[in-house]
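Here it is, the structure in full.
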Amino acid sequence: HDLRTPLSVMIGASTSLAEHGEQLPAAERKALAQSVSNQARAMAEQTEKVLQMTRFELGDLTLKRDWNSIAEIAGPVLLRLREALARHRLLADIPGDLPLLRVDAPLIAQAIGNLLENAARHTPPGTVIQFRARMLGQAVEVAVEDNGPGLPDAVLEQLFDRFREQRSAKPSGGVGLGLAICRTIVELHGGDIHAMQRPGGGTRFAFTLPAEAAPQAPAENESAQP
């Protein structure tokens, strides 16, 4: 359904342009062309999610791990999503003393981005979205919290299944793979991901990443051994 709908929109708009374009006002032609462009871009994003999930399931992926901080990974994501988050109040809390993590940074950035986009898509404008990171035992926990309408426990348990889009009664234009991709990325790194109701209302999505001991750099005055 979510792939067929943008196709129908593109067919309708492009047909109108092809058959009646010369008779339409310039503003209407521009609106139809913009509709085709927007729907094509959205469909390309959804198709990429389907292809990525297929690669995950086939095991056609090798993690490219390196030492990174959550702040370094999350910073560009927050910058990229400024427009998507513009109608919400974003609060970020990333302590500076968190350990480095040996992760595939682009994949962890994707997981963070998926959670933030999910919160923005399914909560009313003007509500608060919080992005937090903290130590939790021997792992770093990354959380995205919102104060939207929340979800019952029965729905929360199914959110990370493939092709689930149950957070809102309104169609979101997604194929229900964003959260499933998050779970796969986190589990590939040996972590865990879950969703829960917030005590004050809303939903909390959180995942953990194991905090390994980072290699120590040799001391500057350490002499080379023969």
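The values are calculated or read from the model by the stated rules, or taken from the named source; none is laboratory data. No experiment lies behind these values; they were computed from the predicted model shown. Cβ placement follows ideal geometry from the backbone for every residue including glycine, while neighbour counts extend to all protein chains displayed. What goes into the accessible areas is simple: the full protein's heavy atoms, side chains included, and nothing from ligands, DNA or RNA. Shrake-Rupley method; radii C 1.70, N 1.55, O 1.52, S 1.80 Å.
For segment 21-49, give me each residue that is modelled with pLDDT of 75 or more and touching a Leu at 6+ places or on another chain (Cβ under 6 Å).
32
Which condition number does residue 115 fail, the rest of (1) part of a loop (DSSP other than H, G, I, E, B); (2) open to solvent by less than 20 Å² (accessible area, probe 1.4 Å); (3) not polar (S, T, N, Q) being met?
The single condition residue 115 does not satisfy is (1).
Can you find a residue that is touching a residue at least 60 places away in the same chain (Cβ under 8 Å), touching an Asp or Glu at 6+ places or on another chain (Cβ under 8 Å), within 15 Å of residue 72 (Cβ to Cβ) and surrounded by fewer than 22 Cβ atoms within 10 Å (Cβ to Cβ) anywhere in segment 92-99?
no
Identify, please: which residue in segment 50-95 is over 16 Å from the mean Cα position of the chain (by Cα) and among the basic types (Lys, Arg) and is, among those, modelled with the lowest pLDDT?
In this case the residue turns out to be 55.
Let me ask something else about it. Return the only residue of 145, 157 being among the charged types (D, E, K, R) and under 30 Å from residue 97 (Cβ atoms).
145
Within segment 101-110, is there a residue that is open to solvent by 40 Å² or more (accessible area, probe 1.4 Å), outside any helix (DSSP H, G or I) and closer than 17 Å to residue 210 by Cα?
Yes, some residue in segment 101-110 is open to solvent by 40 Å² or more (accessible area, probe 1.4 Å), outside any helix (DSSP H, G or I) and closer than 17 Å to residue 210 by Cα.
Going by the conditions given, is residue 114 at pLDDT below 95 and in contact with a helix residue (DSSP H, G or I) (Cβ under 7 Å, 6 or more places away or on another chain)?
The answer is yes for residue 114.
State which residue is farthest from residue 73 (Cα to Cα) when the search covers only segment 117-145 and only residues that are basic (Lys, Arg) and touching an Asp or Glu at 6+ places or on another chain (Cβ under 8 Å).
Among those residues, the one meeting the criterion is 134.
Do you know which residues across segment 49-74 are under 30 Å from residue 96 (Cα atoms), part of a helix (DSSP H, G or I) and open to solvent by 30 Å² or more (accessible area, probe 1.4 Å)?
Answer for segment 49-74, where residues must be under 30 Å from residue 96 (Cα atoms), part of a helix (DSSP H, G or I) and open to solvent by 30 Å² or more (accessible area, probe 1.4 Å): 71, 72.
Inside segment 22-38, can you point out the residues that are within 21 Å of residue 6 (Cβ to Cβ) and surrounded by 14 or more Cβ atoms within 10 Å (Cβ to Cβ)?
28, 29, 32, 33, 35, 36, 38
Report the residue count in segment 84-100 for those that are assigned to a loop (DSSP other than H, G, I, E, B) and of a type in the set (D, E, K, R).
2
Of the residues 45, 19, 83, only one is among the acidic types (Asp, Glu) and surrounded by 11 or more Cβ atoms within 10 Å (Cβ to Cβ); which?
45
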